[in-house]
Amino acid sequence: DGAGKNFRKYSGKSLPPQVLEFDGQGDAGQWLKVGQVYTGVLTFTDSMGHVHTALGKPFSIAGLSVPSSDGYVMYLAAKPMFDTAKRRITPDGTVLLEEAAAIIQRFHAHDLVQLGAYLAWTDAVKVKTAAESAAGELAKRLSVAPSSIKSTGHANVSDLEQRIELTIKTLSHEQPAQ
């Protein structure tokens, strides 16, 4: 992972399969973190006892949607979302929010959406403003009032923990029994 630790380990005593299935979860059940760089590393020992290592191509993901106990959480990479010098949403950030809005409209059109911005910035007011700006942009893409998306800002998070977190709470669509 981005900290240089093993994220997911496969092991065996014979030739590896042609394809290794990967569901995005690590050995401890944690999900990939958006915006972090991951690299596949293959280490094997040949019949002579020599250890060999091969590195895959580094990759990162810009967004991830995972189920939660009462809906879903969408994680979006924070670094491409904002221009840190100007403290505003970048064109790449707009694309991320457009894609998130399309998924929300398709699968969660009537559910409650909250946005949290977890940024390494030290100025809490600027982080709150960034969260409000992202929530406003998302609201525009969803064609809802900006006040319908609650936003929170969280300053001083570690670089590896930066993200935009969209919490989508599934509302019951069933009518109450009478």
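Of note:
- Complete set of residues in the range 149-164 that are more than 19 Å from R88 (Cβ to Cβ) and either free of Cβ contacts under 8 Å to residues at least 12 places away in the same chain or not in a helix (DSSP H, G or I) (or both): K150, N156, V157, S158
- When we screen G35, G26 for residues that are under 17 Å from L160 (Cα atoms), out of contact with any Pro (no Cβ under 8 Å at 6 or more places or on another chain) and either surrounded by 10 or more Cβ atoms within 10 Å (Cβ to Cβ) or of a type outside the set (D, E, K, R) (or both), the only hit is G26.
- Enumeration of residues in the range 75-97 that are closer than 20 Å to V125 by Cα, among the β-branched types (V, I, T) and touching a residue at least 40 places away in the same chain (Cβ under 8 Å): I89
- From the list A155, A54, A85, A145, the lone residue that is of a type in the set (A, V, I, L, M) and at pLDDT 95 or above is A155.
The values are calculated or read from the model by the stated rules, or taken from the named source; none is laboratory data. Not measured: the values here are computed from a predicted model. Every residue, glycine among them, receives a Cβ derived from its backbone with ideal geometry; neighbour counts consider all protein chains shown.
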